1. In region B:225-256, what residues drop by 50 Å² or more in accessible surface going from the chain by itself to the full protein assembly, probe 1.4 Å?
2. Select from region A:271-303 all residues whose loss of accessible area on going from the chain by itself to the full protein assembly reaches 40 Å² or more (probe 1.4 Å).
3. Going Cα to Cα from B:LYS122, which lysines come in below 21 Å? Please leave out same-chain ones fewer than 8 positions away.
4. With all distinct Cα pairs included, what does the Kirkwood hydrodynamic radius of region A:266-342 come out to in Å, to one decimal, could you say?
5. Run through the other copies and list how far each one's label point is from that of A:ALA30, in nm with one decimal, shortest first; the point sits 7 Å from Cα along Cα-Cβ.
6. Do the sum for chain B: with -39,500 (n - 2.57) for every DSSP H run of n ≥ 4, divided by all residues, what is the mean residue ellipticity at 222 nm, to the nearest 500 deg cm²/dmol?
7. In Å², and per residue, what accessible area does region A:25-164 have when probed at 1.4 Å with the other protein chains present?
8. In the Gaussian network model of chain A, springs joining C-alpha atoms below 10 Å, which of A:GLY225, A:GLY252, A:GLY287 carries the largest mean-square fluctuation?
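The values are calculated or read from the model by the stated rules, or taken from the named source; none is laboratory data. Because the structure is a prediction, the values reported are computed rather than measured. Virtual Cβ from ideal backbone geometry, glycine too; neighbours counted across all protein chains shown. Calculation scope for accessible area: heavy atoms of the full protein, side chains included, ligands and nucleic acids excluded. Shrake-Rupley method; radii C 1.70, N 1.55, O 1.52, S 1.80 Å.
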Number of protein chains: 2
Amino acid sequence: MIIDVHGHYTTAPKALEEWRNRQIAGIADAAVRPKASELRISDDELRESIEHNQLAQMRARNIDLTVFSPRASFMAHHIGDFAVSATWASICNELCHRVSLLFPDHFVGAAMLPQSPGVDTKSCVAELERCVTEYGFVGINLNPDPSGGHWTSPPLSDRYWYPIYEKMVEYDIPAMVHVSTSCNACFHTTGAHYLNADTTAFMQLLTSDLFTDFPTLKVVIPHGGGAVPYHWGRFRGLAQAMDRPKLAEWLGRNVYFDTCVYHQPGIDLLTQVIPAGNILFASEMIGAVRGIDPETGFHFDDTKRYIDAAGHLSGAARLAIYEGNARAVFSRLDAALRAKAM
Amino acid sequence: MIIDVHGHYTTAPKALEEWRNRQIAGIADAAVRPKASELRISDDELRESIEHNQLAQMRARNIDLTVFSPRASFMAHHIGDFAVSATWASICNELCHRVSLLFPDHFVGAAMLPQSPGVDTKSCVAELERCVTEYGFVGINLNPDPSGGHWTSPPLSDRYWYPIYEKMVEYDIPAMVHVSTSCNACFHTTGAHYLNADTTAFMQLLTSDLFTDFPTLKVVIPHGGGAVPYHWGRFRGLAQAMDRPKLAEWLGRNVYFDTCVYHQPGIDLLTQVIPAGNILFASEMIGAVRGIDPETGFHFDDTKRYIDAAGHLSGAARLAIYEGNARAVFSRLDAALRAKAM
């Protein structure tokens, strides 16, 4: 089976965005603040938004299952305070849960957290617990920069983040490190901020002893690891100069890269330099890059084609990338699949 | 001939750092503020610092000439005010000039600018003029984030930067977009901030019409273009979605990438996806990654080996990368070489 570990609900019915706009307006003017209960989206609307979009593409590409989380660019943790983020996260996670109930063989949830800049991360634990225990979610997205491009939070190695890590370890769920919209004019959201955050997070982890404190913590760096695999020699050299372990060994069972790299040479490089055991198939479809590549005639984000065409990969390596690694990293997903004899 | 367009004076005599430390102490305490004239470094000291370091490596690697600028991580434009930056830039540029006088066949200068966060960039023009007209410098380093990791300046497309661009066009000199030390704990300087800045700058340029206002402006994105070539499909897709020109055409005679990518797969990818006419040979030696790669037995930053081994490159392409493109981009260097019948 083929598992895509990186999908967001980018195609939610328009009512969601309208509710959010009212919520944002309500930050300044309590009179227009909407209640969560005022958002009404029917199962038919949800079904339609998925059937003709993500699920149609999954069928066309032979992807069986997607780990599905709220739209990353809409998390916008920098907007409002914790209460705003908490209500918004709760709504977005519930919608992903409902999608997973409507299409139980094709979608499983991963949670967005109600992060807010400067707020104790203990405040995120209740929503995380709810998503895992009530919704059966199998992972979380962790935003290393809830300020939206101002980078005012401490590095991921800081104890600030430990309450989240403690829950992750308790539930054995991984975190995908994923920022949201940039509100800093310097950073284009999907062209710079996303990739920068991936590189930044990798280096924060590499220069810390986080995995000594949390030996079973699992972190997924999306978008093919940002700039990291392309500069693997640079990172190997920096690690060597800092007396860190050899990079390929240091990744261990802690650090994984997804395959959201949208051309053949990029996937070739990724799968050449990163051990196959640390690569998770993903496409972030339907996401940042939705067009068709005129050079191939296929969608830029149809990453399965590139992996299939990466001739140096063994059958075993490809199997690990498509399924085995995902089941190891998302152990609760593996358990759920086994319960269905899958 | 082989021209390395990216070298910094990272091996300057210790007296320079000591003077700088006194300058920094003098920000808070005028009594200990040193005069520029108190820094004394002899020609012999300069000669020795180069002979046994950069020049020895250049000879070992068959590199003829390096475009040489002050140490990037020491620019630290976030420290002090404009006057502090102005004195510091003047001292650092003068040292590079003296190196170029001592080794005229092997080093030519590129200027650091006296940038300071929030200060009008007109203030940088006098030092730029001095370096070009008095020192024969052939390029500049432009820091897109003089705040040192807080990204408080406007994007490179903003008119804030135009006074520098106007001078660049007048003198026909290129800018290498190069940040300095990160003072934001989120960003490791050479493992994250440098690469992030490269990706960020590329996207700032791509989403603007800067080259409509300055059709002959030339920008070099160092460190192999940050994350850009690895994600070339992503950037092609984003450009297509934004109705921008085809990326390879958009680069034109405006945007160039250097070859500071420290392993074979990275250079293979760079030279596969970026037109050879937009690639400039460089190593940033002696710089961020100084060790020997145990996988090859050679220095990580010995980038010439990777380019020589990139089998898909034609002889003409390799010649362009090693010399032709550098002479086209650094036209004042070309003129100086021609004057020496080189």
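1. Hits at the 50 Å² cut-off: B:TYR230, B:HIS231, B:ARG234, B:ARG236, B:LEU238, B:GLN240.
2. When all protein chains are present, A:VAL289, A:PHE300 each give up 40 Å² or more of accessible surface.
3. Once the sequence-local lysines are set aside, what remains near B:LYS122 is B:LYS167, B:LYS218.
4. 13.8 Å
5. 5.2
6. Calculated at 222 nm, the ellipticity per residue is -12000 deg cm²/dmol.
7. Using a 1.4 Å probe on heavy atoms only, each residue of region A:25-164 averages 39 Å².
8. Ranking A:GLY225, A:GLY252, A:GLY287 by mean-square fluctuation puts A:GLY252 first.
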